[in-house]
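> I'd like to ask you about the structure that follows.
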Amino acid sequence: TYILYERDIIQQINKKNDKKYILSQNKQGKVGGIGDSEIFVNPKVIVRQAGDSIVATYVKSELYLDYSLFSISNVNLDLPNNILKIVLAFLNSKLCSFYAWHKNIIEHAKGGTPQMRISGLRNLPFPKFNSVDSENITNYVDELLTMNINPQSAIKNKVKIQAISDEIDKIIYRIYKL
């Protein structure tokens with residue numbers, strides 16, 4: 001499937017829609033859609049909606065998502081450049097998935113597919129990182145992203161990837177005093 005993004009046409013369509021009404025009906029948070037190109041073209045963390053743990057990745061390139069994925073962006077926010085990589089590390093930590101499961105942020109009714117809502121994602125207790133931890137986590141994430149660039153590299157670097165993931169988990173545990 002190919003999508004042709006024509007800004008003029010999109011703006012005409014959006015003028016016909018009452019955005020305030022549409023946003024007031026959206027209880028889960030803003031959903032990127034036609035006319036929200038900055039959400040798709042800027043760096044973002046992508047989070048899988050369904051599954052028994054939180055799985056996230058970082059994407060710098062233009063990417064359009066379906067409704068089974070959440071996108072976290074710092075577009076129009078006055079945040080440090082590395083914040084998305086820190087968010088990625090936190091979301092992929094063992095502690096975050098454990099917490100999300102046991103607090104039912106990852107909803108898991110018997111017989112159903114476990115899944116997370118955007119409201120649950122927003123309610124995760126994101127820790128405060130000091131500058132040293134922020135720098136270390138950013139460096140670890142950069143290494144992980146490089147080693148996971150393709151399936152062959154991920155297989156080749158499996159042991160190192162696990163070791164770095166464990167180091168990130170140690171930082172997260174220490175921040176929460178666990």
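The values are calculated or read from the model by the stated rules, or taken from the named source; none is laboratory data. Here the structure is a predicted model, which is why all the values come from computation and not from measurement. Please note: Cβ atoms are built from the backbone with ideal geometry, for glycine as well, and neighbour counts cover all protein chains shown. With ligands, DNA and RNA removed, areas are computed over all heavy atoms of the protein, side chains included. Shrake-Rupley method; radii C 1.70, N 1.55, O 1.52, S 1.80 Å.
> When all protein chains stay in place, what accessible area (Å², nearest 10, 1.4 Å probe) is found for Asp66?
90 Å²
> Considering the options Asn104, Leu145, Phe126, tell which one lies farthest towards the positive end of the dipole of the stretch 62-172, charges being +1 on Lys and Arg and -1 on Asp and Glu at the Cβ, about the Cα centre.
Asn104
> Further question: Within the stretch 37-178, how many Lys pairs that are eight or more residues apart, or on different chains, come under 18 Å at the alpha-carbon?
So the count of such lysine pairs works out to 15.
> Among rounded, prolate and oblate, which fits the stretch 40-178 when a ≥ b ≥ c are the square roots of the eigenvalues of its C-alpha gyration tensor, a/c under 1.5 means rounded, and a/b larger than b/c means prolate?
The shape class here is rounded.
> Same structure, new question: Given the whole protein assembly as supplied and a 1.4 Å probe, what does the accessible area of His108 come to in Å², nearest 10?
We get 60 Å² for His108.
> Now for a different question. For Lys44, Lys170, what's the largest-to-smallest order of accessible area, 1.4 Å probe?
From most accessible down to least: Lys170, Lys44.
> Please report the net charge: other residues with Cβ closer than 12 Å to the Cβ of Ile161, K and R +1, D and E -1.
That sum, taken over residues with Cβ under 12 Å, equals 0.
> Would you kindly find the accessible area of Leu121, with a 1.4 Å probe and non-protein molecules such as ligands, DNA and RNA excluded, rounding to the nearest 10 Å²?
Its accessible surface works out to 20 Å², give or take rounding.
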